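The values are calculated or read from the model by the stated rules, or taken from the named source; none is laboratory data. Quick caveat, the model's predicted, so the values are computed rather than measured. Don't worry about glycine lacking a Cβ; one is built from the backbone with ideal geometry, like all the others, and counts go over all protein chains shown. With ligands, DNA and RNA removed, areas are computed over all heavy atoms of the protein, side chains included. Shrake-Rupley method; radii C 1.70, N 1.55, O 1.52, S 1.80 Å.
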Amino acid sequence: MEWITDKWDIVVALSPFMLKGLWLTFQISMIAIAIGSSIGFVLGVAKTLGFRLLNGVINLYLHLLRGSPYLVQLYIVYFVLPATGIAWLSFDSYTAAIVSLSLYTSSYVTEIVASAINAVPSGQAEAARSVGMTRMQTYRHIVVPQALKLTIPPMASIYVIVIKSTAVLSVIGISELTRQGEVAIMRMPGDIMFIYSLIAVFYFVYCYPMLRLSKWAEGRFGTAGGVDT
């Protein structure tokens, strides 16, 4: 009983700091998800248009971002780009976190969107073109709406990965959830396992509703009946 009381006292003492870190984690991850998804959507659609040069540029972008660890990308944005001397490439830690995480998100969203568009039966587009729709009208009214349904399950998984990737932002001085926990451990080194468990609980509280929301969205708007053929 004494152990439970002691641990509860730790929870009460650390909760304000953990919640502050969780709020910062929420801000950065949501902004990065919004920006990264927008970039990824545009690049994903562009990747399916069939322009060879454009596809080459997009593929290089994807290989660079998906083929390197996020931590390295964060270091490049925060430490390397300012060293170029170009003023608009000098970021504070908060901006660097959002920029790097947005680019990282966009690389995965691009592939998801492109794969979803390619999964829509070609007969759908051919039928639309046969009734006089332009290529852009076909994409807007026929292809993209169906493709978006296919993106729901993988997109939710990527968003959870993005949220968990914020744990490394402490290396550039961002006091997000993990950093707040590390500071708490320095104050209470004897409770390291309990504090890390508490951090995990806070991440779970943040990520679980998103996973449940994706399940709901998949059932409501997704592919229970498959793509229309």
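Can you work out the FRET efficiency for the pair Leu148 and Ser197, with r the C-beta to C-beta distance and R0 = 41 Å, to the nearest 0.05? Computed FRET efficiency for Leu148 and Ser197 comes out at 0.60. Using 0.36 nm per residue and subtracting the Cα-Cα separation, the extra length available between Arg187 and Ser90 on full extension is 31.6 nm. The value of relative contact order for segment 5-138, using C-alpha pairs under 8 Å at least six residues apart, is 37 percent.
In order along segment 81-88, the Karplus-derived 3J(HN,Hα) couplings, from 6.51 cos²θ - 1.76 cosθ + 1.60 at θ = phi - 60°, round to 4, x, 5, 6, x, 7, 4, 6 Hz, and Gly and Pro are given as x.
For Ile31 and Leu64, the FRET efficiency from 1/(1 + (r/R0)^6), where r spans their Cβ atoms and R0 equals 22 Å, is about 0.50. Could you please state, rounded to a whole Å, how far the C-alpha centre of segment 1-66 is from the C-alpha centre of segment 129-145? Measuring centre to centre over Cα atoms gives 32 Å. Spacing of the modelled spin labels on Ser157 and Thr134, each 7 Å from Cα toward Cβ, amounts to 3.7 nm. Please work out how much accessible surface Arg135 shows to a 1.4 Å probe, ignoring ligands, DNA and RNA, in Å² rounded to 10. That residue has around 100 Å² of solvent-accessible surface.
For the chain, the relative contact order works out to 28 percent when only alpha carbon pairs closer than 8 Å and six or more residues apart are counted. Note on the chain: GNM, Cα springs under 10 Å; of Ala13, Ala184, Ala119, the largest mean-square fluctuation is that of Ala13. Evaluating 6.51 cos²θ - 1.76 cosθ + 1.60 at θ = phi - 60° for every residue in segment 172-188, the Karplus couplings come out as 10, x, 7, 8, 7, 4, 5, 4, 4, x, 5, 5, 5, 5, 5, 7, 10 Hz, glycine and proline recorded as x. For the chain, modelled as a GNM whose springs connect Cα atoms under 10 angstrom apart, the maximal fluctuation among Thr84, Thr110, Thr95 occurs at Thr84. With Cα atoms defining each centre, segment 107-126 and segment 164-180 are spaced 34 Å apart in the structure. Taking all protein chains together, Tyr104, Tyr208 sort by accessible area into Tyr208, Tyr104, largest first [probe 1.4 Å]. Each stretch of four or more DSSP H residues adds -39500 (n - 2.57); spread over every residue of the chain, this sum gives -25500 deg cm²/dmol at 222 nm. Annotation: lysines with alpha-carbon distance below 26 angstrom to Lys149 (same-chain offsets under eight excluded): Lys47, Lys164, Lys215. Given (i) 16; (ii) 30; (iii) 11, which label gives percent of Cα pairs over 34 Å apart as computed from the coordinates? So the calculated entry is the one marked (ii).
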